[in-house]
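Q: Below is the structure I would like to discuss, written out as structure tokens.
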Amino acid sequence: MEQHQIFASDRNTILWGSDFNWHHPLWDDDGDERLFMTQALREAEILISLLADEGMVMALPKGILTLKHMITNLYLRPDNVWCGKRLLGHILCCKMDSYLQPPCTDHLPIVMIVDIPQEHTSVHPSLNFREVNWEAFQEKLQANLEDIPLPTCITTTEAL
């Protein structure tokens, strides 16, 4: 399914953020060659193909590590954030913040700040019922109620 089938207008965009658990030189540290085995690169190509089909770009800059292995203490980048090209210009910040890491987890939190302009609607003044002239209101209500015809019995299918 393509984006134009999902979204109602061209103002909408898509954002993917996940533990993709795929490694590739496009986002991982170039010096960590142990990650770039043939099978790993082949699997990452599936994601890269999907991203290309959807016209998505990487929002989390290359080289930012998102996981600290609990046993080996090695850092990796299995997590990533991708978005439509139009949204990328509105991203003020997309980074890892180890300070926010919950206890007993190996994934490091990704913080993203997006400046999305919102349409403002005009505010209509609300009625203040404390300022109503209730005598005038009752008179107007009574006059309007008198214009409504009395109920009648429905006797035909057409009338119903």
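Q: Residues in region 52-61 that are out of contact with any Cys (no Cβ under 8 Å at 6 or more places or on another chain), farther than 15 Å from residue 19 by Cα and of a type outside the set (Gly, Ala, Ser): how many?
A: Final tally of qualifying residues: 2.
Q: Further, regarding this structure: Take the conditions more than 15 Å from residue 19 (Cα to Cα) and modelled with pLDDT of 90 or more and apply them to residue 126. Does it pass? Lay out the reasoning, then the answer.
A: Numbers: more than 15 Å from residue 19 (Cα to Cα): yes; modelled with pLDDT of 90 or more: no.
No.
Q: Collect the residues in region 40-87 that are out of contact with any strand residue (DSSP E or B) (no Cβ under 9 Å at 6 or more places or on another chain), of a type in the set (A, V, I, L, M) and either surrounded by 15 or more Cβ atoms within 10 Å (Cβ to Cβ) or more than 22 Å from residue 101 (Cβ to Cβ) (or both), keeping them in residue-number order.
A: Within region 40-87, 40, 41, 44, 46, 48, 52 meet the criteria.
Q: Given the options 158, 119, name the one that is in a loop (DSSP other than H, G, I, E, B), loosely packed, with under 11 Cβ neighbours inside 10 Å, free of Cβ contacts under 8 Å to residues at least 24 places away in the same chain and under 17 Å from the mean Cα position of the chain (by Cα).
A: Answer to the check: 119.
Q: Could you please find all residues in region 101-116 being without any contact (Cβ under 8 Å) to a residue 40 or more places away in the chain and either surrounded by fewer than 11 Cβ atoms within 10 Å (Cβ to Cβ) or not in a loop (DSSP other than H, G, I, E, B) (or both)?
A: Scanning region 101-116 gives 102, 103, 104, 111, 113, 114, 115, 116.
Q: Still on this structure, I have one more. Do we have residue 147 as of a type in the set (D, E, K, R) and surrounded by 11 or more Cβ atoms within 10 Å (Cβ to Cβ) here?
A: no
The values are calculated or read from the model by the stated rules, or taken from the named source; none is laboratory data. These numbers were taken from a predicted model, which means no experiment stands behind them. For neighbour counting, all protein chains shown are included, and Cβ atoms are generated from backbone atoms with ideal geometry for every residue, glycine included.
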